[in-house]
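Notes follow once the structure below has been shown.
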Amino acid sequence: MEILEIQDLNVKFTTPIGEVYAVNNASFTLNTNETLALVGETGCGKSVIANTIMRLLPQNAEISGNIFYKGNNLLKISDREMEKTRQQEIAIIFQNPTLSLNPLYKIGDQISEPLFVHKKISKKEAFNKTTKLLKTMGFQNPSKSYEMYPHQLSGGMNQRVILSISLTLNPSIIIADEPTKGLDNELVKDIVEEFKTVNKINNSSLLLITHDLSLARELSDRIIIMYSGDIVEITKTESFFKNPLHPYSKILLNSLPERGFNPPKGNSPSMVNIPKGCKFHPRCPHKKKICSEKIPPIYSIDGGNVRCYLFQ
Amino acid sequence: MKIHSKKIARYSIALFVIFSLNFIIPRLMPGDPITNLLGEDYVMTEESLQELREKMGLDESLPIQYLNYWNGVFRFDFGYSYHFKGPVSSIILSRMKWTLMLLIPSILFSAILGSLMGSLSGQKSSSNSFKALTLIELAFYSTPTFFLSLIFLYIFSFKLGLFPIKGFYYSGGIFDILHHFFLPISIMTIFLTSRNYMIMRGSVIQEKSKLYVVYAKAKGLSDRQVLFKHIFKNASLPLLTLLALDFGFILSGALFIEIIFSMNGMGNLIYEALLSRDYPVLYGSFMIISIMAVLANAFVDFLYGIIDPRISDSI
């Protein structure tokens, strides 16, 4: 059953250097209890999608399309309703856990904050719930950790604090925006375990935004590949790693260390001067004449969806 | 809350150096130190000068004088003013209360007003009404206080006759005090508010782009809650430093306002002492101002440690 449906989402930024089309005609669904990975290079619009769902984009963003959450269009509801939706229904985790926390407040108070904002709850209850969460996330001495400040903890510990915050109100969806960016391999392993724990106790859907294919493989049920603001492929994770459809997906997979570490040739296009037609055509080994003229539609093939004329 | 011995040592050294300088300067100046300690508008015969020299201990050797000087400091004895005809410490104390009455309400009001308006304006920095407010505050900030005082005096006292033109020298009833203090306090508040507003606005604009602010919003806090629960505390740190400086400047800073409203405060005392070269009063005021500045800094240091745990951890 789908819990989040995104239809024809377009996000455009007006900047001094011109208009930036960050997301074009994106449509996808997130099902209950599903982990969906949104994968692409830096700057392809993944995080913009996350922030659009949470309605956290800056003023200069122009958004069109629909985002249905349990039947409500998140782009149309009032600010007050959106405030209630955030954290209670949809929680987000940003890529830098230490910068996400306010340096002047104890981590315990930051974990219990959503409880006070959204629910009428006594201090004692909030404290108990917080220490319980800290314990589940692997803090040995929760009541002592409650009193700590973010600067006294390592980045990995702060990541667990952030995960605890996202769990305080049992949201239906957790969006994780690049949770492993800039972390070493050991910490990535920890995070994989932590997300599995989260999934076990919360039973929510996870929208995992990452550039890390191995993390996506480890955690996700389905995978979406984005290239320069376009969704180019949506498919089951398993079949993606066996048989990627889009030429870009193939090149991306070949860049994995276990497949020879072959980086894609050429650069991803600038966000201001985007190529006409399929945005990948300048780098594509299979390019045809039509590719540089018209953006291909999405074709369905064996349960997967791909935006490429090869599958016409 | 730990009280750090390092910090106490640092402040004690600062005070020690200041007090010692206060001893050295009049003795280093060219000429007889007695003229420097008496003031230049006081003339007496050579015999009475010698008598006075003995009385003040100036015929002793320097180390003995230095010890005597510290003895005086601890007994709160800063010498005798021949110009004002009284002990320096009691002159300063009687003048200080007027300055405190002017400045404490002004500093408090302006801290509250400036930080509130500044933070609201910083959060909605692109709104036109706040842009207009910023322009007004900028105008107040760049107007010298004496000019503002003269305009206020002209309009409210001279034209409208609402407030007295001159200050008062005796304490009347509470109503009388308020009546006299209304204009000077208003001007001081307007001036300090404009400065606090500018600082707070800038600080909030800087803070609000940080990730923890976005994350607070993502937790479901409303804009108001994000501002007052998260940004405000972090953004108020620079303002706190300025407030400490205000308390340091408490005794001299309101000079222009005190002169224009003919108030018998510290500013006017220093002004008169300067004109008549009354060095003992100047040294005494200098010491009081230094003590105030050091104490205010120590107090803010302490507050900083409470507000920002990163600071108390790093010492």
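Of the candidates A:K120, A:K106, the single residue that is farther than 15 Å from A:V161 by Cβ and over 18 Å from the mean Cα position of the chain (by Cα) is A:K120. For A:I175, the criteria (1) without any contact (Cβ under 8 Å) to a residue 60 or more places away in the chain; (2) buried (at least 19 other Cβ atoms within 10 Å of the Cβ); (3) not small (G, A, S) hold in every case but one, which is (1).
One residue is enough: does segment A:186-195 have a residue meeting the conditions more than 17 Å from A:I93 (Cα to Cα) and not basic (K, R)? It would help to see each step written out before you state the result.
So the first thing to find is which residues in segment A:186-195 are more than 17 Å from A:I93 (Cα to Cα), and the list is A:186, A:189.
Adding the requirement that they be not basic (K, R) leaves A:186.
For segment A:186-195, residues more than 17 Å from A:I93 (Cα to Cα) and not basic (K, R): present.
Tallying residues that are within 14 Å of chain B (Cβ to nearest Cβ) and without any contact (Cβ under 8 Å) to a residue 60 or more places away in the chain within segment A:147-164 yields 9. Filter segment B:11-60 down to the residues that are aromatic (F, W, Y) and either at positive phi or at pLDDT 80 or above (or both), then identify the one that is surrounded by the most Cβ atoms within 10 Å (Cβ to Cβ). Checked segment B:11-60; the qualifying residue surrounded by the most Cβ atoms within 10 Å (Cβ to Cβ) is B:F23.
Can you tell me how many residues in segment A:176-210 are among the hydroxyl-bearing types (S, T, Y) and more than 16 Å from the chain's Cα centre (by Cα)? The qualifying residues number 1. Scanning segment A:290-306 turns up one or more residues that are among the hydroxyl-bearing types (S, T, Y), in contact (Cβ under 8 Å) with a residue 12 or more places away in the chain, farther than 18 Å from A:V23 by Cβ and outside any helix (DSSP H, G or I). When segment A:124-164 is filtered for residues that are out of contact with any Pro (no Cβ under 7 Å at 6 or more places or on another chain), hydroxyl-bearing (S, T, Y) and under 25 Å from A:K196 (Cβ atoms), the ones remaining, listed by number, are A:T130, A:T136, A:S145, A:Y146, A:S154, A:S164. Those strands (runs of 3 or more DSSP E) of segment A:1-117 in which 3 or more residues are at the interface with chain B (Cβ under 10 Å from one of its Cβ atoms), among the hydrophobic types (A, V, I, L, M, F, W, C) and buried (at least 21 other Cβ atoms within 10 Å of the Cβ) occupy A:90-93. Candidates in segment A:202-214 are the residues that are part of a helix (DSSP H, G or I) and at pLDDT 80 or above; of these, the one that is surrounded by the most Cβ atoms within 10 Å (Cβ to Cβ) is A:L213. Among the residues making up segment B:61-92, a single one is under 25 Å from the mean Cα position of the chain (by Cα), surrounded by fewer than 16 Cβ atoms within 10 Å (Cβ to Cβ) and of a type in the set (S, T, N, Q): B:S90. Can you confirm whether segment B:189-208 contains a residue that is surrounded by fewer than 20 Cβ atoms within 10 Å (Cβ to Cβ), among the hydroxyl-bearing types (S, T, Y) and under 27 Å from the mean Cα position of the chain (by Cα)? No; the residues of segment B:189-208 include none that is surrounded by fewer than 20 Cβ atoms within 10 Å (Cβ to Cβ), among the hydroxyl-bearing types (S, T, Y) and under 27 Å from the mean Cα position of the chain (by Cα). Does segment B:251-266 contain any residue that is buried (at least 20 other Cβ atoms within 10 Å of the Cβ), in contact with a helix residue (DSSP H, G or I) (Cβ under 9 Å, 6 or more places away or on another chain), within 14 Å of chain A (Cβ to nearest Cβ) and of a type in the set (S, T, Y)? Scanning segment B:251-266 turns up no residue that is buried (at least 20 other Cβ atoms within 10 Å of the Cβ), in contact with a helix residue (DSSP H, G or I) (Cβ under 9 Å, 6 or more places away or on another chain), within 14 Å of chain A (Cβ to nearest Cβ) and of a type in the set (S, T, Y).
With A:N60, A:N31 as the choices, which residue is more than 30 Å from A:P264 (Cβ to Cβ), touching a Phe, Trp or Tyr at 6+ places or on another chain (Cβ under 6 Å) and not β-branched (V, I, T)? Can you show your working first?
Numbers: A:N31 fails: touching a Phe, Trp or Tyr at 6+ places or on another chain (Cβ under 6 Å).
Being more than 30 Å from A:P264 (Cβ to Cβ), touching a Phe, Trp or Tyr at 6+ places or on another chain (Cβ under 6 Å) and not β-branched (V, I, T) holds for just one of A:N60, A:N31, which is A:N60.
Within segment B:292-315, does at least one residue satisfy the condition of being small (G, A, S) and without any contact (Cβ under 8 Å) to a residue 24 or more places away in the chain? Among the residues of segment B:292-315, at least one is small (G, A, S) and without any contact (Cβ under 8 Å) to a residue 24 or more places away in the chain, which makes the answer yes.
Restricting attention to helices (runs of 4 or more DSSP H) lying wholly within segment B:74-161, give those where 1 or more residues are under 20 Å from B:S236 (Cα atoms) and not small (G, A, S).
Of the helices (runs of 4 or more DSSP H) lying wholly inside segment B:74-161, those with at least 1 residues that are under 20 Å from B:S236 (Cα atoms) and not small (G, A, S) span B:88-123, B:128-142.
Scanning segment A:118-164 for residues that are among the aromatic types (F, W, Y), part of a loop (DSSP other than H, G, I, E, B) and within 21 Å of B:H230 (Cα to Cα) gives a single hit, A:Y149. Would it be correct to say that A:N170 is under 22 Å from A:E34 (Cβ atoms) and either in contact with a Ser or Thr (Cβ under 7 Å, 6 or more places away or on another chain) or assigned to a loop (DSSP other than H, G, I, E, B) (or both)? In short, yes. The residue pairs whose first member lies in segment A:246-259 and is touching a residue at least 60 places away in the same chain (Cβ under 8 Å) and over 19 Å from A:S300 (Cβ atoms), whose second member is among the basic types (K, R) and surrounded by fewer than 14 Cβ atoms within 10 Å (Cβ to Cβ), and whose beta carbons are closer than 9 Å, counting only pairs six or more residues apart or on different chains, do not exist in this structure. Residues that are part of a helix (DSSP H, G or I), modelled with pLDDT of 90 or more and β-branched (V, I, T) do occur in segment A:229-242, at least one of them.
With the structure loaded, tell me whether A:N199 is closer than 19 Å to A:Q87 by Cα, in a helix (DSSP H, G or I) and modelled with pLDDT under 85 or whether it fails that test. Here the answer is yes, as A:N199 does meet what is asked.
Taken across segment B:203-221, residues that are more than 14 Å from chain A (Cβ to nearest Cβ) and touching a Phe, Trp or Tyr at 6+ places or on another chain (Cβ under 9 Å) do occur, with at least one present. Taking B:S236 as the residue in question, decide whether it is at pLDDT 85 or above and out of contact with any strand residue (DSSP E or B) (no Cβ under 9 Å at 6 or more places or on another chain). The answer is yes for B:S236.
The values are calculated or read from the model by the stated rules, or taken from the named source; none is laboratory data. Here the structure is a predicted model, which means the values were calculated and not measured. In this analysis, Cβ positions are derived from the backbone assuming ideal geometry, glycine residues included, and neighbour counts consider all displayed protein chains.
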